[in-house]
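Contents: one structure, followed by commentary.
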Amino acid sequence: VLQFLETNRSSYPLEQIELAGLFHEVREDLRREIDLTAEQHNLKAAATLYEYVSGVHIPRLLPFCTETISAMERIRGIKVTELNLPEKGKQDLARLTFEAIICAPLFTLDETAPFHGDPHAGNILAWQEKAGGKAQIALIDWTLAANLSRPLRQDIMNFMLGVLSDDVDATAGAVARMQKGSYKDLNKLVSDIYAELHSETMDASDP
């Protein structure tokens with residue numbers, strides 16, 4: 001099927017999709033979903049990263065884990081989107097979640113940092129220790145975690161700063177480095193990013 005779609009991509013709206021790479025990525029993600037040893041390693045790395053992050057919990061592994069069983073602490077929480085809070089509590093919970101998923105791995109001083117690769121609401125449990133108290137969260141399901149190196153985290157920051165400051169060259173350079181040179185035409189990349197950034201600016205200025 002993949003070969004047929006690749007050969008006949010002009011007959012479908014698939015010109016911009018790298019089908020072989022997409023199928024390979026899906027296959028690898030499915031393989032990682034059942035790699036329990038890797039998940040246990042990710043949980044240990046995450047526990048180290050979040051050890052001193054207040055309000056964020058990682059399930060503690062139990063001593064009878066094996067290659068085919070991941071045994072861990074049960075955390076009694078609900079989906080982060082289902083916790084009933086006043087408006088101020090919702091804002092605090094959103095800030096805590098953002099800091100946990102983005103800021104903690106991005107700004108750590110460690111050479112590598114675990115990054116949760118599947119942070120949908122079902123993988124973020126939330127609860128209050130007591131009525132009216134601050135909400136806390138737990139990040140579960142670390143099968144699709146990635147490790148972000150210090151240079152990669154720097155390029156992520158350079159990319160975000162480039163977008164915020166409308167610096168097209170800095171943005172394109174960060175993207176090219178993160179893609180490890182897979183962009184053969186850097187000038188076209190710069191042009192595409194410039195067009196995208198300025199189209200958003202023009203859209204925002206329309207009456």
Fill in: Estimated FRET transfer efficiency when R0 is 41 angstrom, pair ARG76-MET157 (beta carbons, to 0.05)
0.70
Worksheet item: Based on the Cβ-Cβ distance from LYS134 to ASP167, what FRET efficiency comes out when R0 is 41 Å, to the nearest 0.05?
Response: 0.60
Discussion item. Take the residue pairs LYS79/LYS130; LYS79/LYS180; LYS79/LYS134; LYS88/LYS130 and return only those whose Cα atoms are more than 27 Å apart.
Written reply: LYS79/LYS180
Worksheet item: Hey, rough spin-label estimate for ASP118 and PHE23, points 7 angstrom out along Cα→Cβ, what's it come to in nanometres?
Response: 2.3 nm
Worksheet entry | ASN8 versus GLU196: modelled label distance in nm, points set 7 Å from Cα along the beta carbon direction | 3.1 nm
Practice prompt. Would you mind pulling out the separation of the Cα centroids of region 33-109 and region 161-176, in Å?
Written response: 31 Å
Discussion item. So if each residue of separation counts as 0.36 nm, and I subtract the Cα-Cα distance between GLU111 and LEU30, what length gain in nm does that give?
Written reply: 26.4 nm
Item to complete: Give the shape of region 67-175 as rounded, prolate or oblate, defined through the alpha-carbon gyration tensor: a ≥ b ≥ c are the square roots of its eigenvalues, a/c under 1.5 means rounded, and otherwise the shape is prolate if a/b is larger than b/c and oblate if not.
Response: oblate
Worksheet item: Which shape class applies to region 100-148: rounded if a/c is under 1.5, otherwise prolate when a/b exceeds b/c and oblate if not, where a ≥ b ≥ c are the square roots of the Cα gyration tensor eigenvalues?
Response: oblate
Discussion item. With viscosity set to 0.890 mPa s at 25 °C, what whole-number translational diffusion coefficient in µm²/s follows for region 38-128 from Stokes-Einstein and a Kirkwood radius over Cα pairs?
Written reply: 171 µm²/s
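Each value in this text was obtained by applying a stated rule to the coordinates, not by laboratory testing. Because the structure is predicted, anything quoted here is derived from the model rather than measured. Glycine gets a Cβ as well: all are built from the backbone with ideal geometry, and neighbour counts include every protein chain shown.
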